[in-house]
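> Could you have a look at this structure, given as structure tokens, before my questions?
The values are calculated or read from the model by the stated rules, or taken from the named source; none is laboratory data. Values in this document were obtained by computation on a predicted structure and should not be read as measured data. Cβ placement follows ideal geometry from the backbone for every residue including glycine, while neighbour counts extend to all protein chains displayed.
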Amino acid sequence: MFAMLALLLMGCGDPTLSALLPQGEVADKQYSLMVLSLAIMIFVLLVVFVIYVFVIIKFRKRKGDDTIPEQVEGNHLLEILWTAIPILLLIILAVPTVMQTFDLSAKDKPKKGELALKVTGHQYWWEFEYPKEEIITSQELVLPVNTKVHVELSSADVIHSFWIPSLAGKTDTNPGDGSKNYMWIETGSKEQVYKGKCAELCGASHALMDFKVKVVSKDKYQAWVNSFKKASGKATGNAAEGQKIFEKNCLSCHAVGKEGGNTGPNLTGFGDKQRVAGVLEHNKDNVKKWIKDPQKVKPGNNMPNVPLNDEEVDAVADYLLSLKLQ
Amino acid sequence: MSTHASHKKRSGLMDWLTTVDHKKIGILYLIAGGFFFIIGGLEAMFMRIQLFKPENDFVAAETFNQLLTMHGTTMIFFAAMPLIFAFMNAVVPLQIGARDVAFPFVNALGFWLFFFGGVLLNLSWLLGGAPDAGWTAYAPLSTTSEGSGVDFYVLGLQISGAGTLVGGINFLVTIINMRAPGMTFMRMPLFTWTAFVTSGLILFAFPPLTIGLFMLMFERVFDANFFNPDNGGNILIWEHIFWIFGHPEVYILILPSFGAISEVVATFSRKRLFGYSAMVFATVLIGFLGFMVWVHHMFTVGLGPVANSIFAVATMAIAVPTGVKIFNWLFTMWGGKIVFSTAMLWAVGFIPTFVMGGVTGVMLAIPSADYQFHDSYFVVAHFHYVIVGGVILGLFAGLYYWYPRMFNRVLNETLGKIHFWTFFIGFHLTFFPQHFLGLMGMPRRVFTYLSGQDLDQLNFISTIGAFLMAIGTIVLFINVIISTSKKYAPSSDPWHGRTLEWAIPYPTPEYNFAQTPLVRGLDAFWVEKAAGNKGMTPAEPVGDIHMPNPSILPLIMSIGLFVAAFGLIYDTMTVVVIGMAITFISMFFRSVIDDHGFHIHKEEVEEDLKGVKL
């Protein structure tokens, strides 16, 4: 029954989040090993369950039957059988396991043709650096389709774990230069926005450390790179007031374009993002909500309450939402 | 004979505080473990209520992290461990025909250390917040965690860990040295075998934990830098040390449950255990391999494909001896006359449940697939299938089975069956959907999840299941309370037992065996019954029986460490000195006062034997 249910539920879930609906080479391979192991295990389960059900039905004590059953010591042939068959099954599983473990491992430098990416985990946001393109962005990773990406992972504070279930399993981001990790991802052929998660308990807002992976066509990716590199923090329209307040209060931590600090997320192109702080819907009310009391949205995060009045918050929100690429 | 015949009888509370009798210590472990089981269960219920719908605000994020940390820590160290020690104490000396454990004083010390460690940890709820870095306490989250929560974790575990270590050593010595004549190793009941292997695992697994906790304590209290990469430390040291302890810990928990299941399955099938020597060999092999696989908790840490592959294959290997056990249980029942008592229901429920936990374990052993499973709800489902579906179901089987021996009363079978069905169905309802939640992208240890991710329904089902489990547990406690008002069990051998503990009259005399029994085969009591004998053949004439004196010192020693821990947590060295002084002065008295114990005289024993009811 459970095995049936298992098959029934295969392929369930949110297509931008579920490891059961894999996209790209890495998640595909991982999924295929999951299915192989599950198939072997369902076979084992069936054997056990069949014997089990037979035994508890057939050998229950009948009323009035007080005879003592034969005291069997054991059976060497059976013992050898149920030692040898599992060993065989495990060998069938172990060979592809070891092959894939090596296949999916990554060296510390990108191979030729791979897009280099550096991921840094922070409490509670993600920093994405494209070293070759000289781009640093946050929370939303933009990648071209059908591309192998070499990822270098580290952390600015505690251990996080970088997980995009649809595209690849997770790898931890460890603090300390000696503990950097490497993995690779293949982005698949679909243009899609995937959900990413932190998978290692990292503090109060661990559950809210979501990010997005936007897989776009190669042309769109190139356009994004070009416009990102040209982007500046210059306000357009009536957002000039907000820009002034932002530069005075926010720029020391948050960069826009080439200006600004790097302790907080880079806000270049903020107006194009999908979510505020990774979790709230992307609208002005939520931007204001965040600025007014960041601790209320993501408890334990490192952003202080900036002493701005309502009008100033409003102006900063307008300014931030005006920051669009292209 | 000796002149130290002062038979010190204490009554009431003082009797329990000073007892060194393994049977009473077993009961103390059972009560304390049951108490912490309720606390850990409540913590679980709060978490499931928080997660029953998306973006719920039943508890705050910080509180949720404290709940998940305390739930894991409490259930592993302060519920499962003491419950295992409860049965080891209550059963092992009886099964090997001994009058007590090798070191009764140390046995009491082990209990009180565990107890005060648990009390210390749980007091953190009232003293500024519980630990919040997970039961795994990964650095640097644990070293930088604000408040004193993690200090309570470190010191609570340190104190109770010392208790567990001395307890483990005690059982090793007991089983090696105190077996009755004829009780060779290959005639020991399987529960005793598993207790033996578990004690060996404790001996090798707990010292790494002690070292790790000391490092963590030095880092937090004295600003050491073991795990601080800025000053040349490395966070991976803690992960390795923790799992070098942590993986064997899983086997420390599961092996005695295997033992209990083996006894129950054999007894209620009316057959000897199928493939006894294979079962013993499998137990030892699981214990041995348990030390070779810790890196499978660390596949995503980045140790490289070579390390990951080696530990993957080693982990898969454990499935083989575990499978051997499963098939031997099935073939013990094959051809038997199975009686479905409550104890047997738990054992019968255990088999498929544990197999399901086992097969997901093999799946988790595949490093690249584990990148998807790791730290997701799939893992949560897996280890609850192993620890609840394995350890706890096994312990419940043991509870219903040995309850008459421990308390001279039986638990009500109808209530027992209600307990079984609600808990068993509730368990599968709670944890089966969690496999899919994990595969669908839900990380573990999250205090909430956003809506619109297709995670809502399964979380809702899971919470319903948790309530069923809670109902089952309440039924158990009603059953226990009712049993205390009942008269003694109708027989000292209510299940037609096979092993020595059922050969003793009831209530179990303080000295267990009036005459040490002679063991003439595996399932010693069954052998005698099959030969038409009423009881065991004695291996000695009736004589004076030497007994250990009760002592308050184990309690005082533990209180001393408890006090010292507060000094360390609040950085008050005077309190540390006072606490350590209490402990060391008690140790001094223990060393210099000659304690020869006392004798129960031959006449008293003969008097007891006249009134024996079997």
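> Applying the selection to region A:32-51, what residues are free of Cβ contacts under 8 Å to residues at least 40 places away in the same chain and crowded, with 19+ Cβ neighbours inside 10 Å?
A:Met34, A:Leu38, A:Met41, A:Val48
> Considering B:Phe327, B:Phe373, which residue is in contact with a Gly (Cβ under 7 Å, 6 or more places away or on another chain), at negative phi and at the interface with chain A (Cβ under 9 Å from one of its Cβ atoms)?
Of the residues listed, the single one that is in contact with a Gly (Cβ under 7 Å, 6 or more places away or on another chain), at negative phi and at the interface with chain A (Cβ under 9 Å from one of its Cβ atoms) is B:Phe373.
> Would you mind finding the one in B:His428, B:His435, B:His419, B:His382 that is surrounded by fewer than 23 Cβ atoms within 10 Å (Cβ to Cβ), in contact with a helix residue (DSSP H, G or I) (Cβ under 9 Å, 6 or more places away or on another chain) and touching a residue at least 24 places away in the same chain (Cβ under 8 Å)?
B:His428
> Quick one: how many residues across region B:523-545 are surrounded by 14 or more Cβ atoms within 10 Å (Cβ to Cβ) and either among the hydroxyl-bearing types (Ser, Thr, Tyr) or farther than 17 Å from B:Leu609 by Cα (or both)?
Residues in region B:523-545 being surrounded by 14 or more Cβ atoms within 10 Å (Cβ to Cβ) and either among the hydroxyl-bearing types (Ser, Thr, Tyr) or farther than 17 Å from B:Leu609 by Cα (or both): 8 in total.
> Mind checking which residues of region B:503-522 are within 27 Å of the chain's Cα centre (by Cα), surrounded by fewer than 19 Cβ atoms within 10 Å (Cβ to Cβ) and either within 13 Å of B:Pro538 (Cα to Cα) or charged (D, E, K, R) (or both)?
Once the filter is applied, which keeps residues that are within 27 Å of the chain's Cα centre (by Cα), surrounded by fewer than 19 Cβ atoms within 10 Å (Cβ to Cβ) and either within 13 Å of B:Pro538 (Cα to Cα) or charged (D, E, K, R) (or both), region B:503-522 yields only B:Glu510.
> Sticking with this structure for a sec: If the Cβ limit is 7 Å and pairs must be 6+ apart or interchain, which residue in region A:90-103 that is more than 9 Å from every other protein chain (Cβ to nearest Cβ) pairs with which residue that is assigned to a helix (DSSP H, G or I) and not acidic (Asp, Glu)?
A:Ile92/A:Ile40
> Residues to consider are B:Val362, B:Val293, B:Val306, B:Val348; find the one that is at pLDDT 95 or above and more than 11 Å from chain A (Cβ to nearest Cβ).
B:Val293
> A further question follows. Out of the residues in region A:21-31 meeting the condition of being facing chain B (nearest Cβ under 8 Å) and buried (at least 23 other Cβ atoms within 10 Å of the Cβ), tell me which one is farthest from the chain's Cα centre (by Cα).
The qualifying residue farthest from the chain's Cα centre (by Cα) is A:Gln30.
> If I filter region B:398-416 down to residues being part of a helix (DSSP H, G or I) and charged (D, E, K, R), which single residue comes out as surrounded by the fewest Cβ atoms within 10 Å (Cβ to Cβ)?
Among those residues, the one meeting the criterion is B:Glu413.
> Taking helices (runs of 4 or more DSSP H) that do not extend beyond region A:216-326, which have at least 1 residues that are more than 26 Å from the chain's Cα centre (by Cα), closer than 30 Å to A:Cys202 by Cα and not hydrophobic (A, V, I, L, M, F, W, C)?
Here the list reads A:240-249, A:284-292.
> Which residues, taken from region A:116-132, are at pLDDT 95 or above and in contact with a Lys or Arg (Cβ under 7 Å, 6 or more places away or on another chain)?
A:Ala116, A:Glu129, A:Pro131, listed by residue number.
> May I pose another question? Looking only at region B:324-337, which residues are surrounded by fewer than 23 Cβ atoms within 10 Å (Cβ to Cβ) and within 30 Å of B:Val480 (Cα to Cα)?
Answer for region B:324-337, where residues must be surrounded by fewer than 23 Cβ atoms within 10 Å (Cβ to Cβ) and within 30 Å of B:Val480 (Cα to Cα): just B:Lys337.
> Test B:Pro131 against the stated conditions and say whether it is buried (at least 23 other Cβ atoms within 10 Å of the Cβ), in contact with a Pro (Cβ under 8 Å, 6 or more places away or on another chain) and not small (Gly, Ala, Ser).
no
For every residue, the table says whether it meets (1) among the basic types (Lys, Arg); (2) closer than 30 Å to A:Ser189 by Cβ; (3) free of Cβ contacts under 8 Å to residues at least 60 places away in the same chain; (4) in contact with a Ser or Thr (Cβ under 7 Å, 6 or more places away or on another chain).
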{"site": "A:Val215", "(1), (2), (3), (4)": "no, yes, no, yes"}
{"site": "A:Glu241", "(1), (2), (3), (4)": "no, no, no, no"}
{"site": "A:Thr263", "(1), (2), (3), (4)": "no, no, yes, no"}
{"site": "A:Val279", "(1), (2), (3), (4)": "no, yes, no, no"}
{"site": "A:Asn309", "(1), (2), (3), (4)": "no, no, yes, no"}
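> For region B:309-318, which residues satisfy the criterion of being at the interface with chain A (Cβ under 7 Å from one of its Cβ atoms) and either crowded, with 22+ Cβ neighbours inside 10 Å or under 25 Å from B:Pro494 (Cβ atoms) (or both)?
Residues satisfying the conditions are B:Ala312, B:Met316.
> Restricting attention to helices (runs of 4 or more DSSP H) lying wholly within region A:1-114, give those where 3 or more residues are modelled with pLDDT of 95 or more.
A:24-58, A:76-103
> Moving on. I'd like to check something: does region B:456-471 contain any residue that is acidic (Asp, Glu), within 30 Å of B:Phe436 (Cβ to Cβ) and part of a helix (DSSP H, G or I)?
Yes: region B:456-471 contains one or more residues that are acidic (Asp, Glu), within 30 Å of B:Phe436 (Cβ to Cβ) and part of a helix (DSSP H, G or I).
> On the basis of being in contact (Cβ under 8 Å) with a residue 60 or more places away in the chain, out of contact with any His (no Cβ under 9 Å at 6 or more places or on another chain) and not hydrophobic (A, V, I, L, M, F, W, C), does B:Asn89 make the cut?
no
> Tally time: how many residues in region A:172-206 are among the β-branched types (Val, Ile, Thr), over 23 Å from B:Phe447 (Cβ atoms) and surrounded by 24 or more Cβ atoms within 10 Å (Cβ to Cβ)?
So the answer is 2.
> Something else about it: Looking for whichever is modelled with pLDDT of 95 or more, over 25 Å from the mean Cα position of the chain (by Cα), assigned to a helix (DSSP H, G or I) and closer than 20 Å to B:Arg187 by Cβ here; the options are B:Thr283, B:Thr332, B:Thr267. Which one fits?
Residue meeting the stated conditions: B:Thr332.
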